[in-house]
Amino acid sequence: MAEDEKLVVMTDRWDGADRVPRSRVIDAALEDGHMDLLPGKGTLLPSGKFRAEALEDAILYELDKARGEGRSGLIFVWDLEWLSKEPKDFEAHIVHRSGMALSALPSDLTVMGQYGLAHCSAQQVERVLRVSPLVLEDGQLKRNFWVLSTTSMGRPPRDGHRTIPRARPEAGEARSL
């Protein structure tokens, strides 16, 4: 993270019943304005009902806010471990995320998601990996897999999509959101 970037973390881990202690580093970053916290449930369930588009709305709002503060960029991280316990909402989130994956990210925005895969079913893990085909490699987040339509290659698997490995994206290719 660059000195003049902003970090926004959408999580419920530091508030409410599941409260986890924060470190002094996090508290200092919050105090000096380098970091903000958003409530995950409060953001994605604004009226008590899950709204998949709320994640994208929050990301774009926070990016505009960071730019308005003169920041060189925004790193937006979400922790949606709780979402695996709500199958319909989880699926709505994944469907929306799959549409977002085709859009290009602004160069001053980095997004990362945390789903607590240990709490997800095998099907949920596969769904997360399908719409978030990124790996952490040598300290950098890189694309490692591409999901292709079955009309592009070979015999289709049961779900109608095939994931193929790819070493690195070509220069100028869009990153996913």
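The values are calculated or read from the model by the stated rules, or taken from the named source; none is laboratory data. All of these numbers come straight from a predicted model, not from anything done at the bench. As a convention, Cβ positions derive from the backbone with ideal geometry for all residues, glycine included, and neighbour counts pool all protein chains shown.
The table below gives the values:
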item: Any hit, region 94-103, residues being in a helix (DSSP H, G or I), in contact with a His (Cβ under 7 Å, 6 or more places away or on another chain) and of a type outside the set (F, W, Y); result: no
item: Selection from region 17-38 of residues that are more than 22 Å from H93 (Cβ to Cβ) and modelled with pLDDT of 90 or more; result: M35
item: Residues of region 45-64 satisfying the condition of being free of Cβ contacts under 8 Å to residues at least 12 places away in the same chain and either of a type in the set (G, A, S) or outside any loop (DSSP other than H, G, I, E, B) (or both); result: S47, G48, A54, D57, L60, Y61, D64
item: Checklist (1) outside any loop (DSSP other than H, G, I, E, B); (2) out of contact with any strand residue (DSSP E or B) (no Cβ under 9 Å at 6 or more places or on another chain); (3) without any contact (Cβ under 8 Å) to a residue 12 or more places away in the chain applied to K41, failing item; result: (3)
item: Residue under evaluation T151, criteria (1) surrounded by 17 or more Cβ atoms within 10 Å (Cβ to Cβ); (2) part of a helix (DSSP H, G or I); (3) modelled with pLDDT under 80, criterion not met; result: (1)
item: Scope region 28-38; condition crowded, with 16+ Cβ neighbours inside 10 Å and part of a helix (DSSP H, G or I); matching residues; result: A29, L30
item: Subset of region 39-80 [of a type in the set (D, E), buried (at least 18 other Cβ atoms within 10 Å of the Cβ) and either modelled with pLDDT under 95 or more than 17 Å from the chain's Cα centre (by Cα) (or both)]; result: D79
item: For E91: the one exception among (1) part of a helix (DSSP H, G or I); (2) at pLDDT 95 or above; result: (2)
item: Single residue of S98, S107, S103 found to be within 15 Å of A52 (Cβ to Cβ), touching a strand residue (DSSP E or B) at 6+ places or on another chain (Cβ under 9 Å) and modelled with pLDDT under 90; result: S98
